[in-house]
Amino acid sequence: MAAVIGQLKRPLGRVGKRVFAGVVSVADGDTIDTGLKSIDVVTLTPTAQRFAYTAVSGGTITVHLLDSTGSAVTSAENVYMIAIGE
């Protein structure tokens, strides 16, 4: 399961950013609670021939996973992800 793996510090700022990265097993419509308060950037890379896009609310990511025909993927599949936030 994915977890927070490190801290990013701005060179001249006081606000630190956290990195949430890993492999998650998700189907279309599943959510991932990152434990972050807010998310600035999120990147998903699905395996196989899939398309993924997200909706973010606070520190929670909703994953939309589609196959090559545009149909929702209803069985869980591995997706690589990175989220950066506070």
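What is the order of Val41, Val56, fewest Cβ neighbours within 10 Å to most? Write out the running numbers ahead of the final one.
Values: Val41 11, Val56 17.
Ascending number of Cβ neighbours within 10 Å: Val41, Val56.
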**Asked** How much net charge surrounds Pro46 when only other residues with a Cβ under 12 Å from its Cβ are counted (Lys, Arg +1; Asp, Glu -1)?
**Response** -2
**Request:** Going by C-beta contacts inside 10 Å, put Tyr53, Tyr80 in order with the fewest on the left.
**Result:** Tyr53, Tyr80
**Request:** Note down the net charge around Leu36, summing +1 for each Lys or Arg and -1 for each Asp or Glu among other residues with Cβ under 11 Å from its Cβ.
**Result:** 0
**Complete:** In nanometres, the difference between 0.36 nm per residue of separation and the alpha-carbon distance of Ala55 and Ser75 is 5.3 nm
**Item:** Amide H contacts under 5 Å for Leu36, placed H, 5+ residues apart
**Value:** none
**Complete:** Going residue by residue through the range 51-62, the Karplus relation 6.51 cos²θ - 1.76 cosθ + 1.60 with θ = phi - 60° gives ³J(HN,Hα) values, rounded to whole Hz and with x marking Gly or Pro, of 10, 10, 9, 10, 10, 10, 9, x, x, 10, 10, 9
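Quick note: the coordinates plus some simple rules give every number you see, no bench work behind them. What you are looking at is a predicted structure, and each value in this text was computed from that prediction instead of being measured. As a convention, Cβ positions derive from the backbone with ideal geometry for all residues, glycine included, and neighbour counts pool all protein chains shown.
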